[in-house]
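Chemist: Questions regarding the structure given below will be posed in turn.
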């Protein structure tokens, strides 16, 4: 019947909306910077306005069956309430699912952004046709999403997939999560900058570290090598536990692929059992910024009309 | 229809067989030491003989519908062939499923022993009624099995669940698997003995270390505390990734529960996200040596007659 979903990527920097068809075609888009220091009501008003823009840009706005939001948050699945949004505190505790459904007059689904990215890559990206995959987003932090036996895996409370908070150095760098030595402290953009600075580089972004490495700076090269090793140590454990077919690496830092992928693979080969190490493909994400939007749309098509709200 | 399965626990030390009903009742048992330095044929002959003893001990031997074997091996699921049996090398590459089916005239199913234990505990033990659980066996090595959304999770090659080979110390003690610093190097009976010896204790078994700790030896107490901490570090990562409802700890070393459980819980609480850390129950296994036998029987009842061979 060619339904269309509105899909929102609710980022700390940008709000991005798209109208997505059941085959993944993007029919229209709208976006805005995420208002800083604004109230939750203002952010929601802006989301609704962007969604209406997107819907009105369609040849037939009545085809829109639902809105799906990929959110950098833990989601209370039963209630559709957002929890733990360090970059969007004004939405903490907000029953976003109910609000969006009411304001837009369609069903609404919330999905963790890293899980949405995993679903998107599994639908139309690097892990198309793969039954069991792990998607890791290397951005400001390190997120993760799981697809197990063809279905997104969210865990009992919807918090599953936090690959970035596997410990790889028991007494390592303190992490914002309260632990120490998490993957996130070695493989995020934030970590790359920190490690580069402590190696004596004057940088303020991970792409500057990348440029320095490409330019031959051995300290910058070593930062990415170390990043790849720690990421590989953590992923090797997951390969042993989950025996997945594929690990997809996305997010901004994955642009430095050539500088760290070899180390990831080496650690997985050295540390995981031979059979699952041989099995697992480790590849770059293909959908870029659209992974979350497409995955959220896919999640909503899978759930809407089936009586399952999420 | 009250079917009965023969269930085999194929250990490096003992061969244990039981006739198990569909409700978990054990009707008869037989056992033998595992022949040392014997040929594969001899071991198989002995298994068949034990199985016949067990079947003949039943009021109605015709109720036996299948044989299920819990094996300390990676299983080639399609072929029913055993791989990687460090303690039973004479069965390496043996098509045990086909042989048992032919010799006993019933369907046969192979299951990794740690996965079988997870299924058994989920059926009749500590994790009864729990949808998603991780079962960790702390024995000579550290094994693990997963039950996800009510079903055993075996991974693409049947190698999933190797919790013991999550790295918790990147440059730690070398592991038999080829990696370094695996959980197994800190939380197995072998590790407890090694750590106790290097602390100056004259011991040759983990139960002697336990006795020393109970007797007030602070070095022995510290060994179990360290063991619990490392186990907790690894499990905290799994709690973040899988958001399970329960972790079940079994195997011989779990007898020292009171000496290490507090440290496991502390690391999980400190290192995992609050919601999944609150969610996860960490408990002792309940079925002891019968977990694998019962789990293998459960697996065979689930698969036989449904056209799924494993």
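Laboratory data are not the source of any read-out in this text; all were calculated from the coordinates shown. Because the structure is a prediction, the values reported are computed rather than measured. Ideal geometry is used to build each Cβ from the backbone, glycine not excepted, and the neighbour counts take in all protein chains shown.
Chemist: For the stretch A:108-262, what is the relative contact order in percent, using Cα pairs closer than 8 Å and at least 6 residues apart in sequence?
Modeler: Working: 267 pairs, mean separation 36.7, N = 155.
Value for the stretch A:108-262: 24 percent.
Chemist: Counting pairs of alpha carbon atoms under 8 Å apart in space and at least six apart in sequence, what relative contact order in percent does chain A give? Don't skip to the answer; put the middle values down first.
Modeler: Values: 677 pairs, mean separation 59.0, N = 310.
Computed value for chain A: 19 percent relative contact order.
Chemist: Given the Cα atoms of the stretch A:102-243, and with Rh set as the inverse mean 1/r over their pairs in the Kirkwood sense, what is Rg to Rh to two decimals? Don't skip to the answer; put the middle values down first.
Modeler: Working: Rg = 17.2 Å, Rh = 16.5 Å.
Using only Cα positions, Rg/Rh for the stretch A:102-243 is 1.04.
Chemist: Enter the mean number of other protein chain beta carbons within 10 Å of the beta carbon of each residue in A:275-284, as an integer.
Modeler: Numbers: counts 9, 8, 2, 1, 4, 2, 0, 0, 0, 0.
Mean shielding count: 3.
Chemist: Then there is this: Suppose you put the label 7 Å out from Cα in the Cβ direction; list, shortest first and in nm with one decimal, how far residue B:216 is from each other copy's label.
Modeler: 6.9
Chemist: Okay, next question. Calculate the mean, over all residues of peptide A:174-182, of how many other protein chain Cβ atoms lie within 10 angstrom of the residue's Cβ.
Modeler: Numbers: counts 0, 1, 0, 6, 7, 9, 3, 4, 4.
Going residue by residue through A:174-182 and averaging, the value is 4.
Chemist: What does DSSP give for the protein assembly as shown in terms of the percent of beta bridges that are antiparallel, rounded to the nearest 5?
Modeler: On the way: 56 of 98 bridges.
In the protein assembly as shown, DSSP labels about 55 percent of beta bridges as antiparallel.
Chemist: For chain B, give me the percentage of DSSP beta bridges that are antiparallel, rounded to the nearest 5 percent. List each step's numbers first, then the result.
Modeler: Details: 28 of 49 bridges.
So the antiparallel bridges amount to about 55 percent of the total.
Chemist: Let me ask something else about it. At a Förster radius of 22 Å, what calculated FRET efficiency corresponds to the Cβ-Cβ distance of residue A:205 and residue A:265, to the nearest 0.05? Numbers along the way, then the final one.
Modeler: On the way: r = 26 Å, r/R0 = 1.18.
My answer for the efficiency is 0.25.
Chemist: Using helices alone, what [θ] at 222 nm do you get for chain B, with -39,500 (n - 2.57) per DSSP H run of 4 or more residues, divided over all residues and rounded to the nearest 500? Before the final figure, lay out the partial values.
Modeler: Details: 10 runs with 120 residues, N = 310.
That comes out to -12000 deg cm²/dmol.
Chemist: Oh, and also: Order these by the 10 Å Cβ neighbour count, fewest first: B:186, B:153.
Modeler: Numbers: B:186 26, B:153 23.
Listed from fewest to most nearby Cβ atoms, that is B:153, B:186.
Chemist: When you look at the Cβ of every residue in A:193-201, what mean number of other chain Cβ atoms sits within 10 Å? List each step's numbers first, then the result.
Modeler: Values: counts 0, 0, 0, 0, 0, 0, 0, 0, 0.
The per-residue average across the peptide is 0.
Chemist: For the stretch B:33-179, give me the percentage of DSSP beta bridges that are antiparallel, rounded to the nearest 5 percent.
Modeler: Working: 12 of 18 bridges.
For the stretch B:33-179, the DSSP antiparallel bridge percentage is about 65.
Chemist: Label position 7 Å from Cα toward Cβ: report the copy-to-copy distances for residue B:149 in nm, one decimal, ordered from shortest.
Modeler: When each copy's label point is compared with this one, the spacings are 0.7 nm.
Chemist: Using every alpha carbon pair in chain B, what percent of pairs falls into each 10 Å bin from 0 up to the bin containing the largest distance?
Modeler: 6, 28, 33, 22, 9, 1
Chemist: Would you please state the base-10 log of I(q)/I(0) at q = 0.17, 0.20, 0.23 1/Å for the stretch B:196-307, with intensities from the Debye formula using one equal scatterer on every alpha carbon?
Modeler: Per q value, in the given order, log10 I(q)/I(0) is -0.88, -1.03, -1.14.
Chemist: Roughly how many Å is it from the Cα centre of the stretch A:245-295 to that of the stretch A:20-38, as a whole number?
Modeler: Taking the Cα centre of the stretch A:20-38 as reference, the centre of the stretch A:245-295 is 27 Å away.
Chemist: A further question follows. What do you get for the angle between helix B:218-242 and the principal long axis of chain B? Use alpha-carbon atoms, 0 to 90 degrees, nearest ten.
Modeler: 70 degrees
Chemist: At q = 0.06, 0.07, 0.11 Å⁻¹, what is the base-10 log of I(q)/I(0) for the protein assembly as shown according to the Debye formula with one equal point scatterer per Cα and no solvent? Please give it to two decimals.
Modeler: -0.35, -0.47, -1.05
Chemist: If r is the Cβ-Cβ distance from residue A:194 to residue A:171 and R0 is 25 Å, what FRET efficiency results, to the nearest 0.05?
Modeler: 0.90
Chemist: Whole Å is fine, so just give me how far the alpha carbon centre of the stretch B:216-234 lies from that of the stretch A:100-178.
Modeler: 33 Å
Chemist: Can I ask one more? Expressed as an acute angle from 0 to 90° and rounded to the nearest 10, what is the orientation of the C-alpha long axis of helix B:291-303 relative to the principal long axis of chain B?
Modeler: With both axes taken from Cα atoms, the answer is about 50 degrees.
Chemist: Can you give the FRET efficiency for residue A:78 and residue B:151, using 1/(1 + (r/R0)^6), R0 = 25 Å, r = Cβ-Cβ distance, to the nearest 0.05? Each step should come with its number before you reach the end.
Modeler: Details: r = 23 Å, r/R0 = 0.90.
Approximately 0.65, to the nearest 0.05.
Chemist: Using the count of nearby Cβ atoms within 10 Å as a rough guide to exposure, how do B:301, B:224 rank from fewest to most? Mind showing how you got there, number by number?
Modeler: Details: B:301 23, B:224 26.
The most exposed by this proxy come first: B:301, B:224.
Chemist: Going by C-beta contacts inside 10 Å, put A:146, B:82 in order with the fewest on the left.
Modeler: Values: A:146 27, B:82 24.
So the residues, fewest neighbours to most, are B:82, A:146.
Chemist: Using a label point 7 angstrom from Cα along Cα-to-C-beta, what distances in nm, from shortest up, separate residue B:87 from the other copies?
Modeler: Computed spacing set for this position: 4.8 nm.
Chemist: Let me ask something additional. Working from Cα positions, state the angle (0 to 90°, nearest 10) between the long axis of helix B:189-198 and the longest principal axis of chain B.
Modeler: Helix B:189-198 sits at roughly 30 degrees to that axis.
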